[in-house]
Amino acid sequence: MTSIYRGWGLHLGDIIRAEAAAQQRDAEAQEVEAPPIHLRRAQPVLDLLPRTRQWLEAVPDRVRPHALSLQFARIANRLCAAWDDPADCLSYFDDLLVDKRPMRKGFPVTVLRELHDLRAYYVGMLAAQLGKRSKSRR
């Protein structure tokens, strides 16, 4: 039985229960904010893949993207994956080199130069392949 002389103020037990309830609500809110692992977007691979390393070795040294592969391995991996599909590869080069989103930081000058050189090499390589095909058809 409680005394009527205690008043209406909070007691230590009430404060502890209120803090525990607040911590419980915070924990539940954090669980809601972070989606389950199976619902999260896949993260790009931030290291060079073995296949990308082989591709880099096959690219002539004068156009090999050294700075790109060191600073932006995920982009090098994506270029390697698209290399054998001209439409996909050229589209990806365009996405990288044409600024479609304002407020983008952009690439460092060395990486940008490497991308331009690599694209020029790729276009020349495609033109040479098309020239060989047209000559063989005659």
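Condition test on Leu68, is it in contact with a Gly (Cβ under 8 Å, 6 or more places away or on another chain) and surrounded by 11 or more Cβ atoms within 10 Å (Cβ to Cβ)? It is false that Leu68 is in contact with a Gly (Cβ under 8 Å, 6 or more places away or on another chain) and surrounded by 11 or more Cβ atoms within 10 Å (Cβ to Cβ).
Of the numbered criteria (1) assigned to a loop (DSSP other than H, G, I, E, B); (2) modelled with pLDDT under 80; (3) at negative phi, the one Phe107 fails is (2).
Is it true that Pro86 is in contact (Cβ under 8 Å) with a residue 60 or more places away in the chain and under 20 Å from Gln129 (Cβ atoms)? Considered against the rule, which asks whether it is in contact (Cβ under 8 Å) with a residue 60 or more places away in the chain and under 20 Å from Gln129 (Cβ atoms), Pro86 comes out as no.
Scan region 48-65 for residues that are among the basic types (Lys, Arg), in a loop (DSSP other than H, G, I, E, B) and either surrounded by fewer than 16 Cβ atoms within 10 Å (Cβ to Cβ) or within 15 Å of the chain's Cα centre (by Cα) (or both) and report the count. Count: 0.
The values are calculated or read from the model by the stated rules, or taken from the named source; none is laboratory data. Just so it is clear, the structure is predicted and the values come from calculations on it, not from any experiment. Reconstructed Cβ throughout: ideal geometry from the backbone, glycine too, with neighbour counts over all protein chains shown.
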